[in-house]
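Inspection log for the structure reproduced underneath, given as structure tokens.
The values are calculated or read from the model by the stated rules, or taken from the named source; none is laboratory data. Computed from a prediction, not measured in an experiment: that's the story for all the values here. Here Cβ is always computed from backbone atoms with ideal geometry, including for glycine, and neighbour counts include all displayed protein chains. All accessible areas refer to the heavy atoms of the entire protein, side chains included, with ligands and DNA or RNA removed. Shrake-Rupley method; radii C 1.70, N 1.55, O 1.52, S 1.80 Å.
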Amino acid sequence: MQDAPKPAQTSSGALSAPSATPDNLKFWLDMLAGVANLATLAASLLAIFLWLKNRHKISSAFALLLDFSYQLTLGELKEKLERLNEYNANEASEVEEIRNILHEIAGQISGNSRLVHAMPGLSAKFESLAGRKLSEPLKRALVSELREKIRTIQVSNFEVNL
């Protein structure tokens, strides 16, 4: 059995308090860990309570974020269409940039499941147009088709949100 530490004597002859022992330090660390675990438990219970109480508001907020993201994607597609209109397919120097933009549009449509569902087959049209000889009337027709589909999607989203 280990003896308890004896108080040390200072140069003036007074006794000082015993230093912290490993057992004493372990006790306080265990107490601190217990308090931390109780705080974690309380925070978890509070989060569950708030989720149960406000689950409709939380799900509405997530739906709003998803709709906002969808609208951003539609806006980006419209910007790409405007960029596409700046180039002429009859100019040999601009054909490569037109192909790049067509591939970007096809990739963005293919990467968004809502757009694939809303515009089936349109991504494949853009890919096939990018892979063959381009003509200005064909490019303009495809741009107009996509612009009209985007407009229809935006109107239908507006009607659903009313």
Quickly rank 89-97, 27-35 as a protection proxy: mean count of other C-beta atoms within 10 Å, highest first.
89-97, 27-35
Rounded to whole Å and sorted largest first, list the principal axis extents of the Cα atoms in the stretch 39-111.
68, 21, 17
So the carbon and sulfur contribution to the accessible area of the stretch 25-125, 1.4 Å probe, in percent, is 67 percent
So if we plug the beta-carbon distance of Ala36 and Asp67 into 1/(1 + (r/R0)^6) with R0 = 45 Å, what FRET efficiency do we get, rounded to 0.05?
0.70
Mind checking the per residue accessible area of the stretch 88-162 for me, 1.4 Å probe, whole number of Å²?
58 Å²
Rounded to 0.05, the calculated FRET efficiency for the beta carbons of Ser59 and His117 at R₀ = 25 Å is 0.75
Pseudo-spin-label distance Glu94 to Glu76, built 7 Å along Cα→Cβ, given in nm, is 2.5 nm
Hey, with R₀ at 45 Å, roughly what FRET efficiency would Glu127 and Ala47 work out to, going by the Cβ-Cβ distance, to 0.05?
0.50
